[in-house]
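The values are calculated or read from the model by the stated rules, or taken from the named source; none is laboratory data. Every value quoted in this text rests on a predicted model; they were computed, and no experiment measured them. No Cβ is skipped: glycine too gets one built from the backbone with ideal geometry, and neighbour counts run over all protein chains shown.
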Amino acid sequence: MATADQLVSWRGLVVMEARNGLTYMRGVRQKVHTGAVTNPEDDASDRVRVVYEIQQNQGWPPVAEERVWAVALSDDLVRIDNIPWFIRDLALNDLVRVVPDASSVLRPVEKISWAGNCTIRIIPYPDSGKFDSLQQVLDLFSPLGVTGEGVDQFGMVALAVPPAADLAAVKRLFGQGVEAGWWDYEEACIGGLGRACSAGVGA
């Protein structure tokens, strides 16, 4: 499994400074990734942003904060509505207690319940020769019932693995990619499905 050191070295990412929701990398200002809505049928008026502070280790993840979409269920309870990129122990549809800060920005207080989805990040190796785009990585997992997004800025894919997916096949594909040198991965949230969702368990 990937370590923070490896993740940084793969992409050559060096965080020089991070503040006010912006990350400075190689002297170029880049906005913190804000994620994409995954449940478009929800009423847009119920959608809110929840801002998480990110714990960095030797420059990884390359952002200081991440804003995720959520659906407000009450004044202090939301359902996460996109796949997190860098937040640990958080997955699509989890319920989270929130509170507004002094600037009325919603901040997480605690996760109330896990919805059953795993969040796993993949870092494809650019020199593997296997993929021309991140979409090709997503296309490998889609037939197995796995959804995801790719972000070219960081050269990575975030996957949501639901309990209804073909978990045995997902596990085999993770292992195949690692053994073939296509990618490495990071388990961001595997909840109670650790052995089923983990690519580190033998097929």
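Go through the residues of the stretch 117-135 one by one and say whether even a single one is more than 21 Å from Ile87 (Cα to Cα), in contact with a strand residue (DSSP E or B) (Cβ under 8 Å, 6 or more places away or on another chain) and among the aliphatic types (A, V, I, L, M).
Checked against the condition, which is being more than 21 Å from Ile87 (Cα to Cα), in contact with a strand residue (DSSP E or B) (Cβ under 8 Å, 6 or more places away or on another chain) and among the aliphatic types (A, V, I, L, M), the stretch 117-135 yields no hits at all.
Listed here are the residues, each with its yes/no results for (1) among the polar types (S, T, N, Q); (2) farther than 18 Å from Arg67 by Cβ; (3) out of contact with any helix residue (DSSP H, G or I) (no Cβ under 8 Å at 6 or more places or on another chain).
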{"site": "Val105", "(1), (2), (3)": "no, no, yes"}
{"site": "Ser133", "(1), (2), (3)": "yes, yes, yes"}
{"site": "Met156", "(1), (2), (3)": "no, no, no"}
{"site": "Pro163", "(1), (2), (3)": "no, yes, no"}
{"site": "Gly175", "(1), (2), (3)": "no, yes, yes"}
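Please work out which residue is nearest to the chain's Cα centre (by Cα), limiting yourself to the stretch 56-99 and to residues that are among the acidic types (Asp, Glu) and surrounded by fewer than 18 Cβ atoms within 10 Å (Cβ to Cβ).
Asp89
Only one of (1) closer than 21 Å to Pro61 by Cα; (2) surrounded by 15 or more Cβ atoms within 10 Å (Cβ to Cβ); (3) not polar (S, T, N, Q) fails for Asp152. Which number is that?
(2)
Yes/no per residue for (1) within 21 Å of Gly148 (Cβ to Cβ); (2) of a type in the set (A, V, I, L, M, F, W, C); (3) in contact with a strand residue (DSSP E or B) (Cβ under 9 Å, 6 or more places away or on another chain); (4) not in a strand (DSSP E or B):
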residue	(1), (2), (3), (4)
Val68	yes, yes, yes, no
Asn82	yes, no, yes, yes
Asp89	yes, no, yes, yes
Leu92	yes, yes, yes, yes
Val99	no, yes, yes, no
Ser104	no, no, no, yes
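So which residues in the stretch 153-203 are aliphatic (A, V, I, L, M), modelled with pLDDT of 90 or more and assigned to a helix (DSSP H, G or I), if there are any at all?
Ala169, Val170, Leu173, Val178, Ala180, listed by residue number.
Within the stretch 61-80, work out how many residues are of a type in the set (Val, Ile, Thr) and either at pLDDT below 95 or over 10 Å from Asp46 (Cα atoms) (or both).
Final tally of qualifying residues: 3.
Within the stretch 124-152, track down each residue that is over 28 Å from Arg79 (Cβ atoms) and part of a strand (DSSP E or B).
The one that is over 28 Å from Arg79 (Cβ atoms) and part of a strand (DSSP E or B): Pro124.
Based on this model, can you work out whether Ile120 counts as in contact with a Leu (Cβ under 6 Å, 6 or more places away or on another chain), assigned to a loop (DSSP other than H, G, I, E, B), buried (at least 19 other Cβ atoms within 10 Å of the Cβ) and touching a residue at least 60 places away in the same chain (Cβ under 8 Å)?
no
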